[in-house]
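Please read the structure below before turning to the comments.
The values are calculated or read from the model by the stated rules, or taken from the named source; none is laboratory data. Model, not experiment: these values are computed from the prediction. Don't worry about glycine lacking a Cβ; one is built from the backbone with ideal geometry, like all the others, and counts go over all protein chains shown.
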Amino acid sequence: MESFEYQAGTKVLFGKGQIEHLPEEIGKFGRKVLLCYGGGSIKRNGIYQQIYDLLKDCEIYELAGIAPNPRITSVKEGIALCKEHGIDVVLAVGGGSVIDCAKVVAAGVYYDGDPWKMVSENIQTENALPLVSVLTLAATGSEYDDGAVITNLDTNEKLGYGNPLTMPKVSILDPTYTYTVPAKQTAAGSIDIMSHLLEQYFGPDNTYLADQMLAGAIKTVIRYAPVAVKEPDNAQARGELMWTSSLACNGILSQGCAYGGWCCHAIEHELSAFYDVTHGVGLAIITPRWMRHILNEKSVGRFAQYGRDVCGITGLDDQETAEKAIDETEKFFASLGVPMTLRELGIGEEHFDEMAEHAGRGRLANAYVPLLKEDVKAILHDCL
Ligand code: NZQ
Ligand code: ZN
């Protein structure tokens, strides 16, 4: 088992009505608030008004219109607002895109150079404004980790930024806030959660404990994603998905395991950078193709374990179990109603060369089953 250091400094307030604690939590940091949100879903479902009612004693400034696959332009706008108004605390209300953008704003206030340089070179700041998040979509785990992913449309880049200072100080997780998430987005979010778990499951040297926890979390997604897609206001399904989302991405489930490479995410970020696709949809297309590509003598045992422990396959040898498990994973994604080929998204092979060159910036060569540029290209071709 590998040595590790782990600290999750986020106070989680989970459950219906936890928003009532917002004034006291915000009040710990000050009264000048930058409210960050997306394209308007929080206005339509009433959360926006609820926040204004609760924070009536605060001075609120707004960074609105943060797009899915959040842009560096929004980050710059947010940093300027913080500096102009002397903001005390950043409040992100939305999905992963809003929280990610807010994180980079919170750190960027303490960085004097170009914010895109800070992101692309993963420059650590000495400080960050405190961040409070109110999650409205179960997917990325951004509410409980220190990562953010930002897109630069000018350079066709979508890059991760990690800074422990940007971990939310408080995250309010009210599953009823996700009742209004459309079926397509519920499906994409659930596939993202599942992908985070699979990226950790397929590692070179997992602990027994990690395998048990990851398998349990994957089974939770398989059980409850279809329920949430069909019954958007099913409290049990929304709650299970929300807490699984938070646990899936901050590393707690795979501490002590060797790093597997997060290959599907590296490839998906290229797709989003060039074509602005929904993250979970890209992952649904890539994951089964990646699985088939890396299934070999070295990995077959692990895939067979996945087939038996997660998919419940019995009575077949390792190779057959592995192949069936991959087919079942693909069928599960398709059953949620997402597109399963790049052609359905209108994407051809024009940029595969550049995408394969950039993916993971060379790190995929050290993945569980190493991927070189030609491997990434082959996987992308299989996705057509
Ligand atoms: O913008 P609004 O109007 O709010 O609508 C959003 C958006 O259109 C909508 N939505 C959110 N909550 C809703 C709702 N609609 C109705 N009711 C609600 N309660 O959903 C749409 C998608 O939102 P977005 O925030 O983009 O989705 P998601 O949470 O999946 O975030 C995706 C982004 O996170 C990054 C992805 O790459 C992508 O950029 N990731 C961040 C990670 C992290 N920080 O650790 C890890 C992930 O692997 C991922 O890469
Ligand atoms: Zn993801």
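Summed over the stretch 28-55, the residues that are within 17 Å of Leu137 (Cβ to Cβ), assigned to a loop (DSSP other than H, G, I, E, B) and of a type outside the set (Phe, Trp, Tyr) give a count of 5. Against the numbered list (1) part of a loop (DSSP other than H, G, I, E, B); (2) in contact with a Phe, Trp or Tyr (Cβ under 6 Å, 6 or more places away or on another chain); (3) within 16 Å of ligand 2 (Cβ to nearest atom); (4) not hydroxyl-bearing (Ser, Thr, Tyr), Glu199 comes up short only at (1).
Restricted to the stretch 124-172, and to residues there that are in contact with a Phe, Trp or Tyr (Cβ under 9 Å, 6 or more places away or on another chain) and of a type in the set (Val, Ile, Thr), the residue that is modelled with the lowest pLDDT is Thr155.
Elements of the type strands (runs of 3 or more DSSP E) sitting completely within the stretch 56-147 and holding at least 3 residues that are surrounded by 24 or more Cβ atoms within 10 Å (Cβ to Cβ) and not basic (Lys, Arg): these cover 89-94, 131-135. For the stretch 350-384, filtering for residues that are outside any helix (DSSP H, G or I) and either under 24 Å from Pro339 (Cβ atoms) or β-branched (Val, Ile, Thr) (or both) leaves 5.
Within the group Asp211, Asp192, which residue is in contact with a Gly (Cβ under 6 Å, 6 or more places away or on another chain) and part of a helix (DSSP H, G or I)? The conditions single out Asp192. Taken over the stretch 292-321, the criterion of being of a type in the set (A, V, I, L, M) and either over 26 Å from the mean Cα position of the chain (by Cα) or within 16 Å of ligand 2 (Cβ to nearest atom) (or both) is satisfied by Val300, Ala304, Ile313, Leu316.
State whether the residues of the stretch 263-271 include one that is away from ligand 2 (no atom under 15 Å from the Cβ) and small (Gly, Ala, Ser). Checked against the condition, which is being away from ligand 2 (no atom under 15 Å from the Cβ) and small (Gly, Ala, Ser), the stretch 263-271 yields no hits at all.
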